[in-house]
Amino acid sequence: MSAFGKIIIVLFFCGFMLDANAQRDLSEKQEYSFVFMTDLHIKHDPFVLSEFSRLIDTINSMKVDFVLTGGDQVFDVMRGNVKKGDSLFTLYKEQIAKIKVPVHSCMGNHELFGIYPESDIDSTHSDYKYGMFKRYLGNPYYSFNHKGWHFIVLNVLDVANKKYIGRVDEKQIAWLKQDLAQVDAGTPVVVAAHLPFVSSFYQVYPPKDGSDKDRPWISNRNEILQLFKQHQLKMVLQGHTHWLEDVNVENRTHFITGGAVAGRPSWRGNNHGQRGFLLFSVKGDTFSWKFIEYGSKKSAVN
Ligand SMILES: [Zn+2]
């Protein structure tokens, strides 16, 4: 056989191999697991750090592929103070470095630096709003692929009148459209976001200030969800409310709020929810989850 003929055969074989790999990615046999943990509220407190060590040991014992968060990693930086903010983000990074698999973090309201009126910096500071999160954890919205699934981490937080609000800005919407244009219609998609897109929380606990319980957490949520109409949006993983639920909408998309690593109320007892996180098992394009209570039964002193 000529050298040219051999090259043709090798190229054909490589083409076949690539095709087989692509097929395998979408086959029913792909199995993996991951952790979704939200509302960690880490702070310099011996009790909180001892609970974190239990959390990390529990996750490391599970042999998951990766960890995804739902935001509010640190508690908190909304009132500014670069020194305190630096120490909290450094603490968070030191802790997640002990987790043996990649950790993908999500922007929460408690990571919005210096947004409150009593803050010691203003909006011209480089760490303002998203700046400190970016400095430590990178862009607050991004996507990645894992074993045939597409994961999108959104930043649903913005600021108006020195308060945080729920909104996805125009720049991120343009990015999201581009990102989804690359995703095949048959690929299972997961979104993680701090504020809930859909939740039963206010039906169970109506707002004490009398505000409208049907008002969406994210003002342009319908516009965002519309972008997924042609895609297999399997689940939206949410945080913020320290509330555990799985709202299955039309047996198509599960809106799952993941309780809280810090429990509810945060680090002060377990009256409304034990400290925990979600363990997901994925097989093909199906999934199941369970809530893992990792914490001790004790409470922080303050
Ligand atoms: Zn929050």
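The values are calculated or read from the model by the stated rules, or taken from the named source; none is laboratory data. Worth saying up front: this structure is predicted, and the values here are computed from it rather than measured. Ideal geometry is used to build each Cβ from the backbone, glycine not excepted, and the neighbour counts take in all protein chains shown.
Taking the criterion of being in a helix (DSSP H, G or I) and among the hydrophobic types (A, V, I, L, M, F, W, C), the residues of segment 54-68 that qualify are Leu55, Ile56, Ile59.
Evaluating Phe228 against the criteria (1) under 30 Å from Gly80 (Cβ atoms); (2) free of Cβ contacts under 8 Å to residues at least 60 places away in the same chain leaves one unmet condition, (1). The number of residues in segment 178-211 that are more than 16 Å from the ligand (Cβ to nearest atom), within 15 Å of Glu245 (Cβ to Cβ) and over 20 Å from the mean Cα position of the chain (by Cα) comes to 2. Of the set (1) at pLDDT 85 or above; (2) over 16 Å from Leu49 (Cα atoms), all apply to Val261 but (2).
Conditions (1) part of a strand (DSSP E or B); (2) within 16 Å of the ligand (Cβ to nearest atom); (3) farther than 15 Å from Met78 by Cβ, marked per residue:
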site: Ile115; (1), (2), (3): no, yes, no
site: Asp127; (1), (2), (3): no, no, no
site: Phe133; (1), (2), (3): no, yes, no
site: Asn139; (1), (2), (3): no, no, yes
site: Phe144; (1), (2), (3): yes, no, yes
site: Ile152; (1), (2), (3): yes, no, yes
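Where the second residue is surrounded by fewer than 11 Cβ atoms within 10 Å (Cβ to Cβ) and the first is touching a residue at least 24 places away in the same chain (Cβ under 8 Å) and lies in segment 118-133, which pairs have Cβ atoms under 8 Å and are six or more apart or on separate chains? Note: no pairs meet the criteria. In segment 79-99 there is no residue that is within 16 Å of the ligand (Cβ to nearest atom), in contact with a Ser or Thr (Cβ under 9 Å, 6 or more places away or on another chain) and among the small types (Gly, Ala, Ser). Kindly indicate whether any position in segment 83-97 is more than 19 Å from Ser281 (Cα to Cα) and in contact (Cβ under 8 Å) with a residue 60 or more places away in the chain. No, segment 83-97 has no match at all. Asp72 passes every criterion in (1) within 16 Å of the ligand (Cβ to nearest atom); (2) touching a Phe, Trp or Tyr at 6+ places or on another chain (Cβ under 9 Å) apart from (2). Comparison of Pro140, Pro102 shows that the only residue that is within 22 Å of Asn220 (Cα to Cα) and touching a strand residue (DSSP E or B) at 6+ places or on another chain (Cβ under 9 Å) is Pro140. From the list Leu237, Leu227, the one residue that fits, being surrounded by 23 or more Cβ atoms within 10 Å (Cβ to Cβ) and either within 15 Å of Ala192 (Cβ to Cβ) or modelled with pLDDT of 95 or more (or both), is Leu237. Only one of the listed residues (Asp158, Asp127) is closer than 24 Å to Tyr92 by Cα, among the acidic types (Asp, Glu) and touching a helix residue (DSSP H, G or I) at 6+ places or on another chain (Cβ under 9 Å). That residue is Asp127. Taking segment 37-47 as the region of interest, how many residues are under 13 Å from Tyr294 (Cα atoms) and β-branched (Val, Ile, Thr)? Here the count works out to 0. How many of the residues in segment 100-113 are within 15 Å of the ligand (Cβ to nearest atom) and part of a loop (DSSP other than H, G, I, E, B)? Qualifying residue count, segment 100-113: 5. Every test in (1) part of a loop (DSSP other than H, G, I, E, B); (2) within 16 Å of the ligand (Cβ to nearest atom); (3) not hydrophobic (A, V, I, L, M, F, W, C) is passed by Asp122 save one, and that test is (2). If the condition is being surrounded by 19 or more Cβ atoms within 10 Å (Cβ to Cβ) and touching a His at 6+ places or on another chain (Cβ under 9 Å), then segment 144-163 contributes His150, Phe151, Val153, Leu154, Asn155, Val156, Leu157. Applying a threshold of 8 Å to beta carbon distances and a minimum spacing of six or more residues, or different chains, the list of pairs starting in segment 200-215 at a residue that is at pLDDT 85 or above and ending at one that is of a type outside the set (Val, Ile, Thr) and surrounded by fewer than 10 Cβ atoms within 10 Å (Cβ to Cβ) reads Tyr202/Asp214.
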